[in-house]
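The values are calculated or read from the model by the stated rules, or taken from the named source; none is laboratory data. Given the structure is predicted, the values throughout are model-derived calculations rather than measurements. In case anyone asks, the SASA skips ligands and DNA or RNA and just uses the protein heavy atoms, side chains included. Shrake-Rupley method; radii C 1.70, N 1.55, O 1.52, S 1.80 Å.
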Amino acid sequence: QVQLVESGGGLVQPGGSLRLSCVDSRSIFSLNPMGWYRQAPGKQRELVADITSDGNTNYADSVKGRFTISRGNAKNTVYLQMNSLKIEDTAVYYCKGRSPAIGMDYWGKGTMVTVSP
C-alpha cells in the first residue's frame, strides 16, 4: 500500500550539509502530514520536522533555522535540507507519512546520518 524509501544519508563534517529524500514508491494513498524523525543511539525516536499538504511546517527546537522540510511535486515525496550540521545530529533518520483515509502511520526503514570531524 505504502512504501516509504529514504535516501541521502551519509558521513559529513560538522558545519556541512545533507539533503534527505523520501519517496513513496507505490503512492496509492495520499499521505498527510509527512515528516522526518530521528533516533540516536540509546535515545528515543524524536520528531525533527513535519509538513502538511497545505505547507504548514513544524520543527523541533534543536533544528530550527538549520533544517528545512519541503514536499515534492510528486505524490508523497518529502525532503529535508540539513545545513550547519552538528555532531549531535548524528542519528538514523526516518520518514513517516500518515494516511488520513485509513488512520494509519507508515514508516520508512531509515537512512543513517553521521556528523563527525
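Rounded to whole Hz and in sequence order, give me ³J(HN,Hα) for the stretch 72-77 from the Karplus expression 6.51 cos²θ - 1.76 cosθ + 1.60, θ = phi - 60°, writing x for Gly and Pro.
In residue order, the calculated couplings are x, 6, 6, 4, 6, 10 Hz.
Can you say what percent of the DSSP beta bridges in the chain, counting only those with both residues inside, are antiparallel? Round to 5.
Percentage antiparallel, nearest 5: 90.
In a Debye calculation with equal point scatterers on the alpha-carbon sites of the chain and no solvent, what is log10 I(q)/I(0) at q = 0.12 Å⁻¹?
-0.38
Rounded to a whole number, what % of the accessible area of the stretch 1-43 do carbon and sulfur atoms account for, probe 1.4 Å?
The computed percentage sits at 50.
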